[in-house]
Structures are given as C-alpha cells and as structure tokens.
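Just below is one structure, and these are the notes that go with it.
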Amino acid sequence: MLGYFGPPGTFAHQALLSLAIDEEAQPFASVGATLDAVRSGVVRAGLVPIENSVEGGVSATIDNLAQGERLQIGAEVLLTVNFGLYVRPGTRLEDVRRIVTHSHAAAQVRGWVRQNLPEATITEQGSTAGAAAEVAREDSAFDAAVCAPVAGDLYGLTAAAQDIADHADAVTRFVLVSRPFRPDPPVGHDKTSIVVHLKSDHPGTLMEMLQQFALRGVNLCRIESRPEKDKMGNYYFSIDAIGHIHEKRMREALTGLHRTCREVTFLGSYPRADKVPQSAEIGTTDADFAEADSWLGGILG
C-alpha cells in the first residue's frame with residue numbers, strides 16, 4: 001500500500017496517480033503523518049511535496065527527512081500546478097469575501113486575489129483538497145477554496161475563476177519515500193539527495209563543504225539551509241546533487257563530507273523526473289578515476 005499527503009484531490013494525489021503504480025493508496029492528514037506511516041510499516045512508501053518553483057522548499061518534508069528515522073527517496077514527480085477559485089453552486093465571484101487554502105497555494109495566488117477580490121481575505125489551513133471539502137459544507141464560514149480542478153469537482157463545487165496562479169508555469173516537485181534500500185543502478189539522468197550537519201562554526205565552513213563537490217565535478221541543483229532547532233544561528237543543509245552514488249565522483253564527494261562534517265544523511269539516488277541527461281567534466285568520469293588509481297598503483301608497486 002502507498003500513502004500520500006491527502007485528502008483525495010490534493011496535488012500529491014494527482015502526482016501519485018501519475019506514477020501509474022498498481023497499488024492501493026491511502027491519504028494522510030499531514031506530511032508528518034505520511035512519513036510516520038512509512039517508518040512504522042503501515043504503508044510501503046509515501047508521496048509528499050518537497051519543493052515548489054515559486055515558494056521553494058517544503059519545510060515540513062525537508063525537516064522530517066532530516067531529523068526523523070532515516071528514509072530514502074526512490075522517485076520524484078514534477079507536477080504543473082493549476083489553481084482555480086471554487087465555490088458552492090450559486091455563489092458569484094463578486095460575493096466571495098473569505099477564501100481558504102493551503103499556505104503554498106495562498107502564496108501563489110495573492111496577486112490575483114488582490115487585483116480581482118480586493119476585499120477578500122485568505123485563511124491558510126490543511127491542504128487544498130481539505131479547503132474544497134470545507135467550502136462544500138453548507139454551514140462553512142468560507143465562500144471559496146483555492147484548489148485543483150480535481151478537488152473542486154470531487155466535492156461538488158463550481159469554478160468562479162480558473163487559472164488564477166500569479167505564475168502560470170509553477171511546478172511542484174514530489175518525492176516517493178520508503179524505508180532504506182539498496183539504490184537502483186544509475187540511468188544517466190540521476191539525482192542524489194543528502195542532509196549535511198556541519199562539524200563546527202568557523203570562517204570558511206560552508207566553503208569547505210562545497211569544495212567536496214566542486215573538486216570532484218559534482219554539480220548541485222538545490223541547497224537549502226534549515227535551522228537545527230536547538231539554538232539561534234545553527235543550521236543544517238538539505239542538498240540535491242546531479243549524479244548517482246554508484247558513480248566514483250559522487251562516492252568520493254560523500255566520503256569527503258563524511259570525513260569533514262559532523263553528520264551526513266544519505267536520502268537516495270534516483271532518476272530525475274525531467275530526464276535531463278547529466279555530463280561529467282573532464283577528469284571526473286569513472287574512467288578518469290580508474291586511470292588515476294592505476295597510475296598511483298604503478299608508483300606504489
């Protein structure tokens with residue numbers, strides 16, 4: 001069984017369906033509940049949002065993966081996010097005063113709401129599908145929900161306005177997470193996710209960490225600092241790097257981090273959803289590393 005950040009009709013639900021996995025799926029009320037269900041074995045794997053092209057990282061997912069019992073990413077999904085303003089039948093657009101939606105959705109439609117419904121307020125809670133379910137109640141205190149068309153249809157709402165996102169090409173990235181497993185072989189368009197806790201706070205600490213990647217020709221496609229939550233100014237780093245742990249350059253970068261940092265958590269090597277082929281700089285391919293090892297072996301006899 002698979003789990004996802006629900007209820008039915010969320011973007012996570014749509015992303016899970018796009019994987020076309022023939023397996024029963026169960027919704028959970030939060031990212032944390034979804035990942036806890038994976039850890040406890042209630043579900044085999046869970047799909048949760050981790051990054052948005054407008055709002056950046058999803059802190060609930062990043063922090064849970066960084067600070068909870070280790071899980072591993074096996075796949076990712078990129079989903080174009082289309083928002084609509086959904087109301088109970090009979091409600092007119094000009095009558096909308098109170099809107100409810102998820103915080104990331106609210107951030108992506110504020111400009112449209114300010115321009116088209118200047119007197120309306122937005123309340124952030126739950127999920128976009130949960131917002132649709134709330135508005136569908138006859139005694140709801142809200143006039144409209146910002147949600148996906150599938151959620152509006154699911155709960156019997158009608159669209160007062162469609163395609164209301166301030167950024168029409170917004171994309172949300174989801175990851176399918178399970179208990180740790182042996183990574184599959186690389187496919188040629190791979191990504192590796194890790195969490196790094198620095199050993200000490202001194203000038204050049206961040207540069208020292210980044211050099212482990214740069215010296216081996218490993219490119220980063222995402223790096224975010226998140227608070228350790230123990231004291232002000234103490235941060236860990238959530239990182240996505242281009243390449244696979246089975247590649248020599250990635251292995252050497254990770255072992256270098258392990259030697260020089262307080263803690264490194266491997267979150268998985270998996271295919272990139274955009275399928276952009278990766279390339280290695282001269283001197284950083286597996287063949288280059290093998291030739292260098294052979295050269296050194298010749299010297300040492």
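The values are calculated or read from the model by the stated rules, or taken from the named source; none is laboratory data. Model, not experiment: these values are computed from the prediction. Here Cβ is always computed from backbone atoms with ideal geometry, including for glycine, and neighbour counts include all displayed protein chains. Please note that ligands, DNA and RNA were not included when accessible areas were found on the heavy atoms of the full protein model with its side chains. Shrake-Rupley method; radii C 1.70, N 1.55, O 1.52, S 1.80 Å.
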Inset, instruction - Would you list which lysines come within 30 Å of LYS275, measuring only between C-alpha atoms, while excluding same-chain residues fewer than 8 positions from it? - result: LYS191, LYS248
Inset, instruction - Keeping the other protein chains in place, figure out the carbon and sulfur percent of the accessible area of the chain, with a 1.4 Å probe. - result: 52
Legend entry - Sites SER279 and ALA120, calculated FRET efficiency, Cβ-Cβ separation with R0 41 Å, nearest 0.05: 0.25
Inset, instruction - With r as the distance between the Cβ atoms of ARG44 and ALA159 and R0 = 45 Å, compute the FRET efficiency 1/(1 + (r/R0)^6) and round to 0.05. - result: 0.80
Inset, instruction - With only Lys, Arg, Asp and Glu charged, each at its Cβ (+1 for the first two, -1 for the last two), find how big the charge dipole of the chain is about the Cα centre; round to the nearest 20 debye. - result: 480
Inset, instruction - Specify, per residue and in Å³, the volume enclosed by the convex hull of the alpha carbon atoms belonging to the stretch 136-255. - result: 234
Inset, instruction - Report, in deg cm²/dmol and to the nearest 500, the calculated mean residue ellipticity at 222 nm for the chain, where each DSSP H run with n ≥ 4 adds -39500 (n - 2.57) and the sum is divided by the residue count. - result: -9500 deg cm²/dmol
Legend entry - Residues of the chain: accessible area per residue with a 1.4 Å probe, Å²: 48
Inset, instruction - Calculate, in nm to one decimal, what LEU220 and LEU296 gain on full extension: separation in residues at 0.36 nm each, minus their alpha carbon distance. - result: 24.4 nm
Inset, instruction - For an R0 of 22 angstrom, estimate the FRET efficiency from the Cβ-Cβ distance between ALA33 and GLU263 and round to the nearest 0.05. - result: 0.30
Inset, instruction - Could you check which residue among PRO118, PRO27, PRO149 shows the biggest mean-square fluctuation in a GNM of the chain with a 10 Å Cα cutoff? - result: PRO118
Legend entry - Gap separating the Cα centres of the stretch 172-208 and the stretch 256-301, nearest whole Å: 14
Inset, instruction - Among DSSP beta bridges whose residues both lie in the stretch 1-128, state the antiparallel percentage, nearest 5. - result: 15
Inset, instruction - Mind checking which of PRO49, VAL195, THR260 is farthest towards the positive end of the chain's charge dipole, using Cβ charges of +1 (Lys, Arg) and -1 (Asp, Glu) about the Cα centre? - result: THR260
Inset, instruction - Run the dipole for the stretch 102-253 about the Cα centre, Lys and Arg Cβ at +1, Asp and Glu Cβ at -1, nothing else charged, and hand back the magnitude in debye, nearest 20. - result: 920
Inset, instruction - May I ask for the net charge around ASP288, where only other residues with Cβ less than 15 Å from the Cβ of ASP288 are counted and Lys, Arg are +1 while Asp, Glu are -1? - result: -2
Legend entry - For ALA161, distant residues with modelled amide H under 5 Å away: LEU85
